[in-house]
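The values are calculated or read from the model by the stated rules, or taken from the named source; none is laboratory data. Values in this document were obtained by computation on a predicted structure and should not be read as measured data. As a convention, Cβ positions derive from the backbone with ideal geometry for all residues, glycine included, and neighbour counts pool all protein chains shown.
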Amino acid sequence: MKRLLRYAAVGAAATAAHWALLALAVEAWHWRPWLGSGAGALLGAQVAFWGNRRYTFQHRGAWRPAWVRFHVTAGAGALLGMGLVAMGVWAGLHYLLAQAVATTLVMLATFAANRAWAFNLDPAVGRVRGPDEADCWQGAPTKWARAHKEKQRRQRPEATGQRACSAAHQSGDVSSIDKRLMRRDLR
């Protein structure tokens, strides 16, 4: 529920950007409502991706694959929204009322898709993580997370000292840890 509320908050910011461009396109530039809806959806998708990546899902994986997956989802949502707006206008609804209905339905559909796919893929295994693995980025180490952490450890210059400190700590020789840390801090 917490993630859905965060998703809704980010979605509110993205929707504000979407609707602002929609209204500008229809009222000032005289575009057709369905086309303005599509353009607004593209702008809103950029706002939504970065907000959801950081705030809603705290995604720590590579951003490019997540961006592609998110935009596949957003594109499907935009098409669904455009279709709903077109049907609403055809049925006689004002385009903003049709957009309100479309926004609600698309938000629920894209939340499910983004949670299950866009921000929830384990690259090492190449599959979507199951519900019991949903928060692996924040805690329980997956195969990918362990490999990533080891790669980072090898790339940092102080990694050797940290590994030595860990080994000393495991062996119980804590005094050597203090000496190593002091030498590192004095550099």
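Would you confirm, using the coordinates I've provided, whether VAL85 is assigned to a helix (DSSP H, G or I), without any contact (Cβ under 8 Å) to a residue 40 or more places away in the chain, of a type outside the set (S, T, N, Q) and crowded, with 17+ Cβ neighbours inside 10 Å? The answer is no for VAL85.
Set side by side, the residues ALA41, ALA16, ALA20, ALA25 differ, and just one is closer than 20 Å to ARG3 by Cα, among the aliphatic types (A, V, I, L, M) and part of a helix (DSSP H, G or I), which is ALA16. Only one of the numbered conditions (1) modelled with pLDDT of 90 or more; (2) part of a helix (DSSP H, G or I); (3) over 18 Å from VAL106 (Cα atoms) is not met by HIS30, and that is (2).
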